[in-house]
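Contents: one structure, followed by commentary.
The values are calculated or read from the model by the stated rules, or taken from the named source; none is laboratory data. Fair warning: this is a prediction, and the values are worked out from it, not measured in the lab. Cβ coordinates were reconstructed from backbone atoms using ideal geometry, including for glycine residues, and neighbour counts include every protein chain displayed.
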């Protein structure tokens with residue numbers, strides 16, 4: 001009887017041992033799986049964070065104006081003067097300015113061009129509303145739209161400032177600034193030719 005009990009006890013212990021081992025194996029497997037998921041989540045979070053921390057790609061629009069005196073590079077303020085820059089870009093891409101002249105020069109003030117009539121009376125077939133942004137002021141080397149007495153009469157004529165002209169702020173639409181070729185701007189005079197205006201997106 002004692003032997004039978006002993007045998008049964010051994011069998012019961014063997015079964016219990018197998019159950020314990022199975023339980024421990026399952027527990028270990030679960031822990032391993034949880035660890036993998038945690039690492040994957042951490043990697044995903046890290047990846048998301050890295051993407052979120054990286055700066056957004058920004059684009060800029062540049063106009064390359066080739067004149068009879070040289071090349072002028074203009075950074076267009078498309079974000080601050082969207083209507084005015086869109087008008088200038090459209091005309092530039094259409095070749096509207098190609099072959100036109102600068103018709104007005106005032107020493108220490110402005111050089112003005114973009115009139116198909118060549119005398120300050122002409123324009124394109126469209127006009128745009130006055131668009132003023134307080135952060136765009138008449139520093140030396142900006143480009144702005146010329147107009148008649150009607151604030152909403154700007155069309156194709158523009159001017160470069162040769163010096164600061166802040167008394168014009170709020171009344172005329174500044175829409176960009178010269179980033180290269182200010183020496184060329186300073187040499188321009190009435191009769192000089194705009195050979196081309198090319199638009200580049202950076």
Every listed condition ((1) surrounded by 14 or more Cβ atoms within 10 Å (Cβ to Cβ); (2) in contact (Cβ under 8 Å) with a residue 24 or more places away in the chain) holds for residue 118 save (2)
If you go through the range 134-145, how many residues are over 26 Å from residue 98 (Cα atoms) and not in a loop (DSSP other than H, G, I, E, B)? 0
Does residue 85 satisfy the condition of being in contact (Cβ under 8 Å) with a residue 40 or more places away in the chain, within 20 Å of residue 180 (Cα to Cα) and in contact with a helix residue (DSSP H, G or I) (Cβ under 8 Å, 6 or more places away or on another chain)? no
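Suppose the filter is modelled with pLDDT of 95 or more, under 20 Å from the mean Cα position of the chain (by Cα), closer than 23 Å to residue 184 by Cβ and in the same structural domain as residue 187 (by TED's automatic domain parsing); does residue 77 pass it?
Values: modelled with pLDDT of 95 or more: yes; under 20 Å from the mean Cα position of the chain (by Cα): yes; closer than 23 Å to residue 184 by Cβ: yes; in the same structural domain as residue 187 (by TED's automatic domain parsing): yes.
It is true that residue 77 is modelled with pLDDT of 95 or more, under 20 Å from the mean Cα position of the chain (by Cα), closer than 23 Å to residue 184 by Cβ and in the same structural domain as residue 187 (by TED's automatic domain parsing).
Could you tell me how many of the residues in the range 146-196 are assigned to a strand (DSSP E or B) and more than 28 Å from the chain's Cα centre (by Cα)? Spell out the reasoning first.
Our first condition is that a residue be assigned to a strand (DSSP E or B); within the range 146-196, this holds for 154, 158-161, 174-180, 193-196.
If we keep only those that are more than 28 Å from the chain's Cα centre (by Cα) too, we end up with 193.
Number satisfying all stated conditions: 1.
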Which numbered condition in (1) touching a helix residue (DSSP H, G or I) at 6+ places or on another chain (Cβ under 9 Å); (2) modelled with pLDDT under 95 is the only one that residue 50 fails? (1)
